[in-house]
1. Which value in nm describes the separation of the simple spin-label points at Ile143 and Asp186, placed 7 Å from the Cα toward the beta carbon?
2. Collect residues whose amide H, placed 1.01 Å from N in the peptide plane, falls under 5 Å from the amide H of Ala39; neighbours closer than 5 in sequence don't count.
3. Scan around Ser132 for amide H atoms under 5 Å from its own, H built in the peptide plane at 1.01 Å from N, and keep only partners 5 or more places away or cross-chain.
4. Output ³J(HN,Hα) for region 7-15: one whole-Hz value per residue in order, computed from phi by the Karplus curve 6.51 cos²θ - 1.76 cosθ + 1.60 with θ = phi - 60°, and x for Gly and Pro.
5. Between Ala170, Ala135, Ala45, where does the largest GNM mean-square fluctuation fall for the chain, given springs only between Cα atoms within less than 10 Å?
6. If one puts a single equal scatterer on every Cα of region 127-236 and applies the Debye formula without solvent, what log₁₀ I(q)/I(0) results at q = 0.13, 0.16 Å⁻¹?
7. Which GluC sites (Glu not before Pro) in region 120-199 sit in a loop by DSSP (not H, G, I, E or B) and have at most 10 other Cβ atoms within 10 Å of their own Cβ?
8. What is the distance, in nm, between label points placed 7 Å from the Cα along the Cα-to-Cβ direction at Val230 and at Ala201?
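Bear in mind these aren't lab numbers, they're just calculated from the coordinates by the rules spelled out. Since the model is a prediction, treat every value here as computed from it, not as a measurement. Ideal geometry is used to build each Cβ from the backbone, glycine not excepted, and the neighbour counts take in all protein chains shown.
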Amino acid sequence: MGSSRLPGKMLADLGGVSTLALLLRRVRQATSLDDVIVATTENSADDALAAAAEAEGARVFRGSEDDVLARVVGAQRMMNSDLIVELNGDCPLIDPAIIDRAVARYNEGNCDLVTTTARQTYPPGMDVQVFSRAALEWVEENIDDPAVREHVSLYFYEHPERYRIANLDAPDDLSDPELRLLLDYDQDLQVLRAVHGGLTAAHGDAYRLADILSWLDANASVREINRNCVERAART
């Protein structure tokens with residue numbers, strides 16, 4: 001809730017539903033997941049977020065605001081997970097079919113990390129990472145680098161000699177890496193409200209990325225609203 005660029009964004013109204021509620025409802029449509037847990041902070045400002053998650057039937061783990069790595073590991077230990085599917089709170093339009101595709105790729109083997117972001121082909125906002133809890137626990141127990149503690153999976157990407165990284169490329173009809181479907185700025189909020197509002201009448205909360213791209217083809221001006229927004233790098 002304490003986002004510096006868009007405070008309160010996780011409970012922002014996307015058109016009759018909060019960011020968090022929409023994210024949870026869409027994630028639960030993925031058939032490959034056993035359960036969902038929200039890993040938030042112990043700060044009182046996040047009491048409302050924890051309550052909202054529980055109201056949606058999600059389990060909640062609360063930990064350090066700064067040590068995100070320890071928080072995520074703690075959440076997975078609470079779940080007794082073997083496999084972690086990490087999803088960011090700023091991706092409320094995540095397509096559950098992409099989640100299932102990422103898990104399936106991991107289960108094929110010959111990789112330690114499956115990601116949509118090592119080479120961006122899906123629109124940012126369709127971000128999924130899959131890796132083992134054992135791998136993440138090793139990083140949490142052995143690496144004190146502040147950037148790694150903040151950016152949970154950063155160590156995997158910075159050590160390709162140690163970890164086999166499989167990038168999940170979008171099929172041609174879903175490839176649109178210049179389209180922002182993230183929620184970090186007010187302009188992003190405008191885009192997500194427009195997209196959700198444009199699709200919910202026909203699809204409820206079950207629309208897919210193909211539906212989003214089709215709607216944006218017919219409403220091209222919406223793409224321009226947040227085109228100039230950029231993400232900060234994990235390291236500067």
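1. It works out to 3.6 nm between the two label points.
2. Amide H to amide H, under 5 Å and 5 or more residues apart or across chains, Ala39 pairs with Phe61.
3. Excluding prolines and chain starts, which carry no amide H, the hits are Ile84.
4. Going residue by residue, I get x, x, 4, 6, 10, 5, 7, 9, x Hz, with x marking Gly and Pro.
5. So, out of Ala170, Ala135, Ala45, the one fluctuating most is Ala45.
6. Debye intensities relative to I(0), on a log10 scale: -0.69, -0.91.
7. The qualifying sites are Glu161, Glu178.
8. With each label point 7 Å from Cα toward Cβ, the separation is 3.8 nm.
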